[in-house]
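The values are calculated or read from the model by the stated rules, or taken from the named source; none is laboratory data. What you see is a predicted model; the values in this text were computed from it and never measured. Every residue, glycine as well, gets a Cβ built from its backbone with ideal geometry; the counts of neighbours run over all protein chains shown.
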Amino acid sequence: MKVNGFYRFWRGLLRPIFKLIFFLKIKKPKDEMRERGIIVCSNHISATDPLFLAIGLKRQAWFLAKDQLSRAPVLRRLIKRFAIPIKRGTADMDALHGAIDKVSEGGALIMFPQGTRMPEKIPSETKYKSGVGMIAARAECDVLPAYIYTKKYRVLPFRRIKVVYGEPIRYSELGFDKKNKAEIDAAAALVWERICALAPEIQEKK
């Protein structure tokens, strides 16, 4: 998927701003699997997480956003360019198909298995959902785990934010055969395990 100029402009603008305000440090992925679509999955601690992740990628990234945001005049254009509106609390099939389409077209879809922001909580001690397993099964794509870390898991100006990308989880590793609920849940569990394994305290022990 070609990176459009509007997206490239905003990503280039935000990169130095975020480095100045958040002392943003990114350990970029060694292999982004740019020849095909991929899902980027991370823990979720702030509304700016999609931007933190997108800055570290070389390709166009998309993320799921509450449809209420697209109703705001100022945000409508940005949402249209960067996000896929989703109706929270419902089985939004349009959003699901839209997400699958973006991955199938070669884009990077940013997802947060926790489903909502969970500041001040250690990710490994929180619950996660299986949406990533469902989309990976249907799009037949790889998953790139990532971890966002800051002190006490609370994003504040002038407090360092660190983003770490892990090794891609190949589609073959996700264990899909029948693509039933059990396999989808197992795939989601594997992704979440790989995300949590990127926590600084775990990496320091290796």
query: Of the residues 156, 144, which is at pLDDT 95 or above and closer than 26 Å to residue 102 by Cβ?
result: 144
- prompt: Counting only residues that are modelled with pLDDT under 85 and β-branched (Val, Ile, Thr), which one in segment 71-115 is nearest to residue 171 (Cα to Cα)?
  reply: 84
- request: Please identify the pairs in which a residue from segment 169-180 that is under 21 Å from residue 32 (Cα atoms) has its Cβ atom under 9 Å from the Cβ atom of a residue that is assigned to a loop (DSSP other than H, G, I, E, B) and not aromatic (Phe, Trp, Tyr), counting only partners at least 6 apart or on another chain.
  value: 170/33; 171/140; 171/141
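Of all residues in segment 102-139, which are among the charged types (D, E, K, R) and farther than 13 Å from residue 61 by Cα? Walk me through it before giving the result.
In the first step, residues of segment 102-139 are kept if they are among the charged types (D, E, K, R); the result is 102, 105, 117, 120-121, 125, 127, 129, 138.
Matches in segment 102-139: 117, 120, 121, 125, 127, 129, 138.
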task: Could you please give the count of residues in segment 150-186 that are crowded, with 16+ Cβ neighbours inside 10 Å, under 17 Å from the mean Cα position of the chain (by Cα) and charged (D, E, K, R)?
output: 1
Residue list for segment 103-117, filter: farther than 17 Å from residue 53 by Cα and touching a helix residue (DSSP H, G or I) at 6+ places or on another chain (Cβ under 9 Å): 104
- prompt: Restricting attention to segment 192-200, does a residue exist that is farther than 19 Å from residue 37 by Cβ and among the aromatic types (Phe, Trp, Tyr)?
  reply: yes
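Please tell me if residue 165 is in contact with a strand residue (DSSP E or B) (Cβ under 9 Å, 6 or more places away or on another chain), under 26 Å from residue 95 (Cβ atoms) and of a type in the set (Ser, Thr, Tyr). Give the steps one after another, and end with the answer.
Working: in contact with a strand residue (DSSP E or B) (Cβ under 9 Å, 6 or more places away or on another chain): yes; under 26 Å from residue 95 (Cβ atoms): yes; of a type in the set (Ser, Thr, Tyr): yes.
Taking the combined requirement at face value, the residue satisfies it.
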query: Taking segment 125-149, which residues are farther than 25 Å from residue 32 by Cβ and either crowded, with 16+ Cβ neighbours inside 10 Å or in contact (Cβ under 8 Å) with a residue 12 or more places away in the chain (or both)?
result: 126, 127
